[in-house]
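The values are calculated or read from the model by the stated rules, or taken from the named source; none is laboratory data. Predicted, not measured: the structure shown is a model, and the values here were computed from it. Positions of Cβ are generated from backbone atoms using ideal geometry, with glycine treated the same way; all protein chains shown enter the neighbour counts.
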Amino acid sequence: MFPDKRILSFLGLAFGISWTIAGIGLAFGVRATSGIPYTVMAALVMLGPALAAIIQQRLLDKAPWSGLGLQLRGTRWSVVAWTACAAICIVPLTLAVVHVLGDLMGMSAFGMVEVSHERIAIAVRELASGKIAEASIQRQVERLSTVPAMFILVFALGAALIAAMTFNLPFMLGEELGWRGYLWQRTAAWNGARRVGSTGLVWGLWHAPLIAAGHNYPGEPLLGIVMMVLFCLTMALLFDWTRTRSMSIWSSCLLHGTINGSAGVTALFMWQGHPLVGSIAGLAGVIAVLVLAAAVLLLDGSYRRSFLGSTTNDAVH
């Protein structure tokens, strides 16, 4: 899959750093339900690919920083804008998938979805129960009841987009400098399908310790890893498209940050779904991302040709 020894060296560093940090945390009993300790552990784990990219690029390969895609000059900002549009579509598409397959077709594993004040009130009470005083919860519910439910959804997506361009940006660099920086650079001559498949596989497997700790799929430490690999394989096409077309990693950072920042809003509108199926990182999210990926391949002829062809750079740059 990766014949280049430099790629294997980078992956060894990325997995070694991240999995060592996660392993120490797991050994001390840190789990996804541990609150701040888990947040700290996850943030440190996310630095692994970036540290590996810097070590491999600068110290081992003795190559310039420009190969990692950090430059702003030459970035295709129109692609960045389209990336933002794609990013904020993932949550609504996931809600639509759950509505069709769960509500309308009765597939219980997908759960149910409802964009309404009543559903928001129930979700807020469930999420805040035992953490905040009942009087405070009631005041929050009353304030939210004065705002249209659809506006709350749109506002949350907009806030996630802004956070992705500001607060979340350095955290997203932790992964993106590795996957869409160093790894993309070393596989840029491959066709898109091969690069997406290989990158998606290692990206998904890299999450294994966090999934084992209960991240995304509580109660499913093994099948959760399989689902995370599937989710990353589908997401990898969108990330490869924006990295290839924008000529920098900043658009992939924006995409990653927006997805991470907006995923939580689904808890206000979706319920009773199985974590492996009725969630944004589950089968519902996979289907939603596949719809977006199909749209990318349909609408972007240059990328479509590079995805199926023998090389990338000549076709799309």
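Considering only region 30-59, state which residues are part of a loop (DSSP other than H, G, I, E, B) and either within 19 Å of the chain's Cα centre (by Cα) or in contact (Cβ under 8 Å) with a residue 12 or more places away in the chain (or both).
Residues of region 30-59 part of a loop (DSSP other than H, G, I, E, B): 30-35.
Once the filter is applied, which keeps residues that are part of a loop (DSSP other than H, G, I, E, B) and either within 19 Å of the chain's Cα centre (by Cα) or in contact (Cβ under 8 Å) with a residue 12 or more places away in the chain (or both), region 30-59 yields V30, R31, A32, T33.
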I'm checking my understanding of the structure. Among residues of region 60-74 that are in contact (Cβ under 8 Å) with a residue 24 or more places away in the chain and surrounded by fewer than 16 Cβ atoms within 10 Å (Cβ to Cβ), which one is farthest from G158 (Cα to Cα)?
L60
Between G219, G204, G224, G200, which is within 12 Å of the chain's Cα centre (by Cα), farther than 19 Å from V291 by Cα and free of Cβ contacts under 8 Å to residues at least 60 places away in the same chain?
G204
Residues that are surrounded by fewer than 19 Cβ atoms within 10 Å (Cβ to Cβ): list the helices (runs of 4 or more DSSP H) wholly contained in region 142-197 that include at least 2 such residues.
149-165, 169-176
Of (1) more than 22 Å from the chain's Cα centre (by Cα); (2) within 12 Å of A267 (Cα to Cα); (3) in contact (Cβ under 8 Å) with a residue 40 or more places away in the chain, E126 fails just (3)
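Restricting attention to region 86-106, and to residues there that are of a type in the set (A, V, I, L, M, F, W, C) and over 17 Å from the mean Cα position of the chain (by Cα), which single residue is surrounded by the most Cβ atoms within 10 Å (Cβ to Cβ)? Steps first, please.
Here is the first cut: in region 86-106, the ones of a type in the set (A, V, I, L, M, F, W, C) are 86-91, 93, 95-98, 100-101, 104-105.
Add one more test, that the residue is over 17 Å from the mean Cα position of the chain (by Cα), and what stays is 96-98, 100-101, 104-105.
Values: A96: 16, V97: 23, V98: 33, V100: 15, L101: 21, L104: 9, M105: 9.
My answer is V98.
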So T83 passes all but one of these: (1) in contact with a Gly (Cβ under 9 Å, 6 or more places away or on another chain); (2) more than 12 Å from M270 (Cβ to Cβ); (3) surrounded by 19 or more Cβ atoms within 10 Å (Cβ to Cβ). Which condition number does it fail?
(1)
Kindly list the number of the only condition in (1) part of a helix (DSSP H, G or I); (2) of a type in the set (V, I, T); (3) within 25 Å of the chain's Cα centre (by Cα) that fails for V115.
(1)
Among what's in region 198-227 and is of a type in the set (V, I, T) and crowded, with 21+ Cβ neighbours inside 10 Å, pick the residue that is farthest from A86 (Cα to Cα).
I211
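Among the candidates L68, L72, L26, L47, single out the residue that is over 19 Å from W203 (Cβ atoms), of a type in the set (A, V, I, L, M, F, W, C) and either in contact with a Pro (Cβ under 8 Å, 6 or more places away or on another chain) or at pLDDT 95 or above (or both). Outline the logic, then answer.
Working: L68 fails: over 19 Å from W203 (Cβ atoms); L72 fails: either in contact with a Pro (Cβ under 8 Å, 6 or more places away or on another chain) or at pLDDT 95 or above (or both); L47 fails: over 19 Å from W203 (Cβ atoms).
The conditions single out L26.
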